[in-house]
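Just below is one structure, and these are the notes that go with it.
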Amino acid sequence: MRLTLSLLLTSLALPGWASEGTRVQVTGEIIDTWCYYSGVMGGPDAVVGSAHHTCALWCSAGGIPVGLLAEDGTVYMVLKIAQDDASASGDTQLSLAAHTVTADGMLYERDGQNYIVVNEVVSDADIENRTHEDYGTIPSFSFPEPK
Amino acid sequence: MMRKLGMLFALVAAPVAAQDFSEGSNAKSWNLYAEVPAKFEARVVDVLCELTGDCSDDCGAGSRQMGLVRTADDVLVLAMKNSQPAFTGASEELAPFCNQIVEVDGLMLEDEDLGASNVYLVQRIKSADADWIKANKWTKKWAAKYPEAKGKGPWFRRDPRIKEIIGIEGYLGLGLEEDATYAEENF
């Protein structure tokens, strides 16, 4: 009984949930997750691609998590890209805002979220999603009127 | 002993998912479709460290995404946003409390259709016996980091990295010619 209780208490005291993860290769768009999840700027189709490129830069530079929005609609929160572990306002993720990429990395799932540690950006197709043709720019002030 | 053990198991197995984290919250609404006020105690973690064991002594000092492992149910909540309406995240607010137990108050986003679950906008933080502080330090830290960008207007119009990218790729990210066409058609 003491052993059982000891094992239980030991398991409760383990720090973190560090695990091996699962190797994945995902193709999708590097998105601004706050605008996507919150709806603060409009529906999910409007806050991706060229319409939202400038806002995606603002949010990425501002330290909001970037995500990889896969073709099936799954969002993977990006925690690291190659050697750059600056997932809050980092240079690498900033340079990929709104780009469609294929990423090879490790997937970690916890409490309803998918997190990805990208080992390699296998391909970068730049911006493919020309959403400004349907939505203009989101938000509209992200493209200032030329002087 | 058996009774104590039974109580311990009952405590562990309690249906904490049913717990209402909005109780006692003074979070201000952002009028978001999926927002739910939430005040809870949590351990502040570097998410990369928590999930993979790739750790840094100071949780990255604001450069890594931060999470909150809730005391009540051990759920990892991703802190996505601070309290400033200025396109700013929560890492700079939480990193000073790396691996500490704090109380937080803010808005949880729960939107099953989009997959938003356990993601959070933190508005206030309370550490131990200290008073509540507002999670609104990001823009001051940015200003200290980029003194050369001092000027009028919001930070995101003056940020050197953003200006450089827009200067090359344009606001649409498709090149300056596409920007010119868009401006001609829309202004």
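Arrange the following residues from fewest to most other Cβ atoms within 10 Å of their Cβ: B:LYS150, B:LYS141, B:LYS81. Write out the running numbers ahead of the final one.
Numbers: B:LYS150 8, B:LYS141 14, B:LYS81 33.
In order of increasing Cβ crowding within 10 Å: B:LYS150, B:LYS141, B:LYS81.
Under the rule a/c < 1.5 gives rounded, and otherwise a/b versus b/c splits prolate from oblate, where does the range B:46-187 land using the Cα gyration tensor? Don't skip to the answer; put the middle values down first.
Numbers: a/c = 2.20, a/b = 1.75, b/c = 1.25.
Prolate, because a/c is 1.5 or more and a/b exceeds b/c.
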Rounded to 10°, Cα long-axis angle of helix A:2-13 versus longest principal axis of chain A: 20 degrees
For peptide B:157-165, the mean count of other chain Cβ atoms within 10 Å per residue Cβ is 4
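By per-residue mean of other Cβ atoms within 10 Å, what is the highest-first order of B:130-139, A:29-38? Walk me through the numbers on the way to the answer.
Numbers: B:130-139: 15.7, A:29-38: 26.1.
My ranking of the peptides, most packed first, is A:29-38, B:130-139.
For chain B, what's the relative contact order in percent, using C-alpha pairs closer than 8 Å and at least 6 residues apart? Walk me through the numbers on the way to the answer.
On the way: 312 pairs, mean separation 30.7, N = 187.
Once normalised by length, the contact order is 16 percent.
For a protection proxy built on the mean count of beta-carbon atoms within 10 angstrom, sort B:162-168, A:117-123 highest first, please. Write out the running numbers ahead of the final one.
On the way: B:162-168: 15.1, A:117-123: 16.7.
Sorting B:162-168, A:117-123 by mean packing, highest first, produces A:117-123, B:162-168.
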Enter the mean number of other protein chain beta carbons within 10 Å of the beta carbon of each residue in B:181-187, as an integer. 3
Exposure proxy ranking, count of Cβ atoms within 10 Å, fewest first, for A:TRP58, B:TRP155: B:TRP155, A:TRP58
Pairs B:LYS81/B:LYS134; B:LYS39/B:LYS126; B:LYS28/B:LYS81; A:LYS80/B:LYS141; B:LYS28/B:LYS126: which are spaced more than 19 Å apart, C-alpha to C-alpha? A:LYS80/B:LYS141
Mean shadow area of the range B:59-131 over all directions, Cα convex hull, nm²: 5.4 nm²
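Tell me whether the protein assembly as shown comes out rounded, prolate or oblate; compute the Cα gyration tensor, take square roots of the eigenvalues as a ≥ b ≥ c, and use a/c under 1.5 as the rounded threshold. Spell out each step's value before the answer.
Values: a/c = 2.05, a/b = 1.74, b/c = 1.18.
The shape class here is prolate.
Just tell me how shielded B:77-85 is by partners: mean number of partner chain Cβ atoms within 10 Å of each residue's Cβ, no decimals.
On the way: counts 3, 9, 1, 10, 10, 3, 0, 1, 1.
Mean number of neighbouring Cβ atoms from other chains: 4.
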Assuming a ≥ b ≥ c are the square roots of the Cα gyration tensor eigenvalues, decide whether chain A counts as rounded (a/c under 1.5), prolate (otherwise, with a/b larger than b/c) or oblate. prolate
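Where the only charges are on Cβ atoms (+1 Lys, Arg; -1 Asp, Glu), what is the dipole of the range B:60-128 about its Cα centre, to the nearest 20 debye? Present the calculation step by step, with values, prior to reporting the outcome.
Numbers: 5 positive and 10 negative charges, 76 e Å.
About 360 debye.
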Just want the ordering: A:HIS52, A:HIS132, A:HIS99, from fewest to most Cβ atoms lying within 10 Å of their own Cβ. A:HIS99, A:HIS132, A:HIS52
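Rule-based calculations on the coordinates, nothing more; no lab input. These numbers come from a predicted model, not from an experiment. Cβ atoms come from the backbone with ideal geometry, glycine included; neighbour counts cover every protein chain shown.
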